[in-house]
Amino acid sequence: MDFHSIEETLEKLKQNNYISSLEIATLVFLAGATGKPLLIEGPAGVGKTELAKTVARALGRELIRLQCYEGIDEAKAIYEWEYAKQLLYTQMLKEKIHGIIDAEDTLPTAVKKISAQENAFFSEHFIQPRPLLKAITSPEPVVLLIDEVDKSDPEFEAFLLELLSDYQISIPELGTIRAKHIPFVALTSNSSREMSDTLKRRCLYLYIDNPSPEREREIVALKFPGIEARFLEKIVTVVTDIRSLDLKKKPCISETLDWTRSLLALQVTDIPLDLIIRTLNVLCKHRSDLDTVKDHLLAKEGLSNPHHDKITA
Amino acid sequence: MGMVTAIIQFAQICRAVGIPVSPVEVIDAVGQMECIDLSEEKQFKTVLKANFIKNHYDQDTFEGLYDFFFHRLPGMRRSKRTPAAREDLLNLIDDPGEGSSGREDFQALMDLLAHDPVSYLDLLLKMQSAELDIPEVDMSRFSASGEGTFSLASRNRMQARLREFLSKNFPSGDESLRFYLQEYLLDTLPEGAQKGDGDDSHPDLPAYFQPGVARPGPANLGEVPFQHLTAAEARAVHDIISRLAGKYKDRIIRRYSRSKKGAVDIQRTIRKSAQYEGMPMKLAWRRRLPQKPKIVALCDVSYSVWAAVPFMLNILYSLQDCFRQVKSFVFIARVAAVSDIFAHHETMAAIDQVMDSYQLQYPRSAVYGDEKDKYPGDQDPEISDYGTAFAQFMENFSEVLDHRTTLIILGDGRSNFLAPKADILGKIREKCRRVVWLNPEPEPLWGDGDSEMSAYRPYLQELRPCGNLRELAAFVSDLFSILLYSDVHK
């Protein structure tokens, strides 16, 4: 199944609980239509990974996820030979191997005989496919999510290039394996490292920023159906206000959702200042940010923070 | 004008302002236009953006350029780009007050100019050459020697207009602007300029701006001493520094990941060999945690050195992932810790704030550039005093030093004939792993006059010049060999 138009994409994403902007829908549609990978960047928690998951749900495809980390290599991402299995088979087939070379008198001819059988041991049977190879060889089209690609090493990017431009993988012993179906590829990055231009060139680039208050309202309302309008309004106003400060890590949409969840769990109907401050840890994850926000909120109320001196000193 | 031509020209403009748009990306964008509804401008814009902009910090630039190119540029509004449209553009420069929308367009140009004159002039240049190079339907009507190229008269007219425009709007002789203007004139209109003027010299140009002579353009940026950089060039250097830092970061991280492997771990190897009939098929290695060095930077921010400080801090903080910790201090005579500012702000903003909050006589322009250079002179009550600074550093901050710390001092060692107190530097030296000194002065001047370099030298593992980008880059490139491998003589 594929998307057929931008409007349909927008609608399908929404049906699957993802409120997207027209820009996001356009790019998701284009990525599907042109078979180009989609490189999604943005601050943590704006729904980059979620977008890929939603696309998989909307298209009814399997999601294959590759979580990148420092030091990830081919063996973890593409494929690995199953040495243990190969050894096991050699053991089990000892008799058979003897049978093959028994008739030979000299070593060279025996080697020749054996090497003719080599293919039996370097075949797809002994390959342990990892996410990338899985995505390519899958009989059904899939969604491939390469998560936090910026955490991987620059060498790993080079492996990705072949995959992303031609949808093929070269295995020296087997040759080139081409994709049966071109997967929908989404790469996410927190820009902790700048991706190489060659990788970027092959991708459609989508930057997802923190949502506008209107969109945030929509998203919260979607995730918490039945939430009271005034309560929702207050939540979004507070978060938008906090986001406008100069923080190390601004609260993102997933933190807004967490906060809403906490507030609902506390069964409150209004959000007074002291409650905001008490639950601030859900929104701000840095000590210095907590202080900044507290100062800001208290200053707005015309109060001053007793700890204030400590910060300016 | 065809859409394809417009996209190609837009790509060229993007390149002119420094956004790298590759031909593949242009082809992709054009190809994807088939998939969308072209009557919806938003979709058109999204496709261009997704293909051309691959860095989120270029997004604002893109918005501005897009608006300028597709909405405000006179030629685009009439959906054609002809010599007449070019004429319009020139008229716009010539007489901003006229015409119904002239004011607005002029404002757009002025905004661009105020923001970055270089890119605007570059843009003009690229637009010009784009028109001449790209065959387009409208252009084919004109013969090559006709209006499709500039006539001699129009070249001279244009040259005169630009000169007038610039002298009217930028009366103060801004060097970088003039430089780019001249470059524009010389490159775009070579024949006209030469034939029109009768000889190939330009009276108001310094000798090295003449054609054929190597000019201190972007290619030579590495050699320009930091204190001689114009605001635009300083920005360019910062840009280069962040690119450099990215490159080194990759390299350094790779080095760390290689050095992660320690000796063979016998126990684990034996355990692993169990699945291969006791054959040690796979070796297990002891994991070794990389010993990331700690860095303490101590920067002289007095007038004689300030130009180099932001660049040094920029590169250190851009690389801070590669260190266990970066702490920084600035001094003239009194030492102040500034690490906190860096912990709370983005690097460039922090550098700005350091200079601001300590009210050092340091023009903001050297960081971001508003062109208003101030000269401190007698406003500056503090003169640099290395001896006192070292003593104070030792007394108040010596706890930041330990056996894994590398102290990087940035300064010219000119202590205004006050006591150098080199023995204190010796004590500092004993508390840390090594002391590296970066001196922005050219090497022959070290030890000359009030420079105390010769007194300090015995206590330094490394003493390097760091007066321009090339020297700074060379230092950083060696930094990790210094940090990881240089011997400790104690």
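The values are calculated or read from the model by the stated rules, or taken from the named source; none is laboratory data. Every value quoted in this text rests on a predicted model; they were computed, and no experiment measured them. Here the Cβ is made from the backbone with ideal geometry for all residues, glycine too, and neighbour counts use every protein chain on show.
Laid out as a table, the results:
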{"item": "Restricting the range B:244-291 to residues that are at the interface with chain A (Cβ under 10 Å from one of its Cβ atoms) and exposed (fewer than 12 other Cβ atoms within 10 Å of the Cβ), the residue that is modelled with the lowest pLDDT", "result": "B:E277"}
{"item": "Number of the condition not met by B:D200 [criteria: (1) within 14 Å of chain A (Cβ to nearest Cβ); (2) modelled with pLDDT under 75]", "result": "(1)"}
{"item": "Scope the range B:9-28; condition within 10 Å of chain A (Cβ to nearest Cβ) and buried (at least 16 other Cβ atoms within 10 Å of the Cβ); matching residues", "result": "B:V21, B:S22, B:E25, B:D28"}
{"item": "Those residues of the range A:163-175 which are of a type in the set (D, E, K, R) and either assigned to a helix (DSSP H, G or I) or crowded, with 16+ Cβ neighbours inside 10 Å (or both), in sequence order", "result": "A:D166"}
{"item": "Qualifying positions in the range B:265-319 - hydroxyl-bearing (S, T, Y) and free of Cβ contacts under 8 Å to residues at least 24 places away in the same chain", "result": "B:T269, B:S273, B:Y276"}
{"item": "Single residue of A:D209, A:D197, A:D241 found to be without any contact (Cβ under 8 Å) to a residue 60 or more places away in the chain and within 12 Å of chain B (Cβ to nearest Cβ)", "result": "A:D197"}
{"item": "1 or more residues away from every other protein chain (no Cβ under 13 Å) and surrounded by 17 or more Cβ atoms within 10 Å (Cβ to Cβ): qualifying strands (runs of 3 or more DSSP E) within the range A:1-116", "result": "A:62-67, A:79-81"}
{"item": "Some residue of the range A:251-267 being under 25 Å from B:D60 (Cα atoms), within 14 Å of chain B (Cβ to nearest Cβ) and touching a residue at least 12 places away in the same chain (Cβ under 8 Å)", "result": "no"}
{"item": "Flag for A:F126 being surrounded by fewer than 17 Cβ atoms within 10 Å (Cβ to Cβ) and either more than 30 Å from A:L51 (Cβ to Cβ) or among the charged types (D, E, K, R) (or both)", "result": "no"}
{"item": "Lone qualifier among A:R178, A:R202, A:R193 - being under 25 Å from A:G35 (Cβ atoms), surrounded by 15 or more Cβ atoms within 10 Å (Cβ to Cβ) and in the same structural domain as A:Q15 (by TED's automatic domain parsing)", "result": "A:R202"}
{"item": "Residue within the range A:149-162 that is within 13 Å of chain B (Cβ to nearest Cβ), in contact with a Phe, Trp or Tyr (Cβ under 6 Å, 6 or more places away or on another chain) and buried (at least 16 other Cβ atoms within 10 Å of the Cβ) present", "result": "yes"}
{"item": "Scan of the range B:34-45 for residues that are at the interface with chain A (Cβ under 10 Å from one of its Cβ atoms), in a helix (DSSP H, G or I) and surrounded by fewer than 20 Cβ atoms within 10 Å (Cβ to Cβ), ordered by number", "result": "B:E34, B:C35, B:K42, B:K45"}
{"item": "Of residues in the range B:51-62 being more than 9 Å from chain A (Cβ to nearest Cβ) and among the charged types (D, E, K, R), the one surrounded by the fewest Cβ atoms within 10 Å (Cβ to Cβ)", "result": "B:D60"}
{"item": "Criterion (modelled with pLDDT of 80 or more, more than 14 Å from chain A (Cβ to nearest Cβ) and buried (at least 16 other Cβ atoms within 10 Å of the Cβ)) met by exactly one of B:L48, B:L65, B:L73, B:L92", "result": "B:L65"}
{"item": "Single residue of A:T198, A:T260, A:T269 found to be at pLDDT 90 or above and not aliphatic (A, V, I, L, M)", "result": "A:T260"}
{"item": "Matching option when the condition is among the acidic types (D, E), within 28 Å of A:I24 (Cβ to Cβ) and not in a helix (DSSP H, G or I), among A:D289, A:D246, A:D258, A:D270", "result": "A:D246"}
